[in-house]
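Worksheet for the structure shown next.
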Amino acid sequence: MKAMWRVEAFGWGNRGWERNRRLPAGRQRPWVAEITGLSYRYGLQRRFLEGRADWTQMSNSGNRGVYLCWTLEQGKVYETRYFVSWSKAVREFLRVTDYGDVETITREEVDQWLADRLNVSRVEL
């Protein structure tokens, strides 16, 4: 099963990342990465996914209503970082439920998923 997940890209507007690849000062592009294993250097091995921009709800000024969308698959775990307001960013882990919803999970659940997937008794970073 697959699910669509999207977040608002605050302040990207008409000069957003998709049009000229430049971000407003101090802004980082929201991202979603599939967790694929362990990495000695970064802790988790990730494969970054390309998000699609949805400009259909963009405000007249272009500062609000631009969304980035990703398609997530059941049975996989994802890490994301995005802004929830103009100044506050969050980083969290996601997975798709049996009902096609996207839910937030804890780092401990990610470690357990990796331990099961890699067939090891414990995940140490």
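The values are calculated or read from the model by the stated rules, or taken from the named source; none is laboratory data. Here the structure is a predicted model, which is why all the values come from computation and not from measurement. FYI the Cβ positions are ideal-geometry reconstructions off the backbone, even for glycines, and counts take in every protein chain you see. When the accessible area is computed, the model is the full protein with side chains, heavy atoms only, and any ligands, DNA or RNA have been set aside. Shrake-Rupley method; radii C 1.70, N 1.55, O 1.52, S 1.80 Å.
In the stretch 85-102, what residues are open to solvent by less than 70 Å² (accessible area, probe 1.4 Å) and over 19 Å from Arg46 (Cβ atoms)? Explain how you work it out, then say what you get.
Taking the stretch 85-102 and keeping what is open to solvent by less than 70 Å² (accessible area, probe 1.4 Å), we get 85, 89-90, 92-94, 96-97, 100, 102.
Passing the criteria: Ser85, Thr97, Gly100.
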Lone unmet requirement of (1) more than 20 Å from Ala3 (Cα to Cα); (2) open to solvent by 70 Å² or more (accessible area, probe 1.4 Å) for Gly65: (2)
Some residue of the stretch 37-51 being at pLDDT 90 or above, more than 18 Å from the chain's Cα centre (by Cα) and open to solvent by 40 Å² or more (accessible area, probe 1.4 Å): no
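If a residue must be among the basic types (Lys, Arg) and touching a residue at least 60 places away in the same chain (Cβ under 8 Å), how many such residues does the stretch 38-58 contain? Even if it seems obvious, please write down each step before you answer.
Going through the stretch 38-58, the residues among the basic types (Lys, Arg) turn out to be 41, 46-47, 52.
Narrowing the set further to residues that are touching a residue at least 60 places away in the same chain (Cβ under 8 Å) leaves none.
So the answer is 0.
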